[in-house]
Amino acid sequence: MLAEIITIGDEILIGQIVDTNSAWIATKLNENGVRIKQITSVSDEKEHILEALHAASKRADLIIITGGLGPTNDDITKKTLAGYFNVGFKRDEGALEDVKRVFAAHNRPLIAINEQQADVPDNCTVLRNKNGTAPGMWFEDQSKIYVSLPGVPFEMMYLIEEEVLPRVKAFFQLSAIVHHTILTAGLGESFLAETIASIENKLPAHIKLAYLPKLGQVRLRLSAYGENKDLLKVEVQQFVDEIVALIPEYVVISEDKPLEKAVLDVLKEKNLKLSIAESCTGGYLSHLFTQHSGSSAVFLGGAVTYSNELKEKMLGVKTETLVKYGAVSEETVIEMAQGALRNYASNYAIAISGIAGPDGGTQDKPVGTVWVAVSGKSKTITQKYKFPGRRIQNIERAAINSIILLLKLVREEYA
């Protein structure tokens, strides 16, 4: 069964807000056996919305629309849907009760424009919104289901989980969908594809393999479609095991998890502590770790030492090292990492120093030059990188590759 998502609003098209609704809805539908055919964003224009609805009806069995249900003149979704189905309006008493409740709770006067939010197309089933004033609407037309939902995320989420999904399950005979993700690092997409080609070539038609590359990482997602979810899980796991066995040195985790969280879990399992010494990444690497709940069990902290003076004072980098080799050098990052290891009493330390750009590059050390060092229980390893991107991309690449280098040393020392 196929679904399509249509988001309505000029604010999305001009970049004023990011469409997170579609990603969330797609995830929920997919978890319940609904495949997404297309996601479309359209402007607050009647003809544009109608065009999107007609096109979606030819591709999908379920069309979910978000946005454009407010009380003001620029919110035209209800009127457009009434025109699409060629019906009039009715006032729904349940929806009106919800509107009155919300205004009473906020001690605000209820005016006519707000009462009109309870007016809905004649052919819809109202999905009562317990978190706002705009009701959801369910339409059944020529074996197709259309669902219109408010664009406010927490209102939309409530309606999807409490109203839409139960109705979708009752209306459609849904098939099973199983996804399994393998996170790899240190091997490019094309080389990875060549390495596991023998496995990919023998996948049956109902199992697909997708490559999802991102800054030094590639996620391999196996997706299986069928009737029996338990059998699909067993079948997919067999191919997962084959892939992992073929490229064990590049597999971070056989699970859909961010790289830094996977590495945090490895360190936590071994009761190891981590500290960081950052220069060109300016705290971004620390942010990657600390954005995850429970990171304090592993991550002790560290230093953001942009200046040479702070590299000396906070990490113990020698003046003569900085003078002779410069801040962006193997010698400097080694002393940074070892200083962090010593000063912060951690088991592992990462140090990064580089030229993120767009300025500061030289002929010997052009923009994108980054040195990373990782110190552990028995040794320090280093790696020089020459990244081709702009400042933000260079910072991101430096951070991600430093995590990969950390994982390499941990695995070597705790094999």
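The values are calculated or read from the model by the stated rules, or taken from the named source; none is laboratory data. Owing to the predicted nature of the structure, the values given are computational and were not obtained by experimental measurement. Please note: Cβ atoms are built from the backbone with ideal geometry, for glycine as well, and neighbour counts cover all protein chains shown. To get the accessible areas, we keep the full protein, side chains included, count just its heavy atoms, and leave off ligands, DNA and RNA. Shrake-Rupley method; radii C 1.70, N 1.55, O 1.52, S 1.80 Å.
Miscellaneous remarks
- For region 104-122, residues that are buried (at least 17 other Cβ atoms within 10 Å of the Cβ), of a type outside the set (A, V, I, L, M) and under 28 Å from Leu29 (Cβ atoms) total 2.
- Complete set of residues in region 290-325 that are open to solvent by less than 20 Å² (accessible area, probe 1.4 Å) and in contact with a Ser or Thr (Cβ under 8 Å, 6 or more places away or on another chain): Gly301, Thr305, Lys311, Leu315, Val317, Thr321, Leu322
- Options Ile14, Ile63: the member that is in contact with a helix residue (DSSP H, G or I) (Cβ under 8 Å, 6 or more places away or on another chain) and of a type outside the set (Gly, Ala, Ser): Ile63
- Condition check for Ile12: open to solvent by less than 50 Å² (accessible area, probe 1.4 Å), of a type in the set (Val, Ile, Thr) and either in contact (Cβ under 8 Å) with a residue 40 or more places away in the chain or not in a loop (DSSP other than H, G, I, E, B) (or both): yes
- Residue, most open to solvent (accessible area, probe 1.4 Å), within region 179-226, restricted to residues that are of a type in the set (A, V, I, L, M, F, W, C), touching a helix residue (DSSP H, G or I) at 6+ places or on another chain (Cβ under 9 Å) and part of a helix (DSSP H, G or I): Ala193
- Look at region 281-298: where a residue is under 16 Å from Ser402 (Cβ atoms) and a partner is in a loop (DSSP other than H, G, I, E, B) and of a type in the set (Lys, Arg), sitting 6+ places away or on another chain with Cβ atoms under 7 Å, you get Val298/Lys273.
- Strands (runs of 3 or more DSSP E) wholly inside region 123-164 containing at least 1 residues that are among the polar types (S, T, N, Q) and either open to solvent by less than 10 Å² (accessible area, probe 1.4 Å) or out of contact with any helix residue (DSSP H, G or I) (no Cβ under 8 Å at 6 or more places or on another chain) (or both): 125-127, 144-149
- Here is the figure for region 362-380: residues that are open to solvent by less than 30 Å² (accessible area, probe 1.4 Å) and either more than 27 Å from the chain's Cα centre (by Cα) or among the polar types (S, T, N, Q) (or both) total 5.
- Residue tally, condition open to solvent by 30 Å² or more (accessible area, probe 1.4 Å) and either in contact with a Lys or Arg (Cβ under 7 Å, 6 or more places away or on another chain) or in contact (Cβ under 8 Å) with a residue 60 or more places away in the chain (or both), over region 84-103: 0
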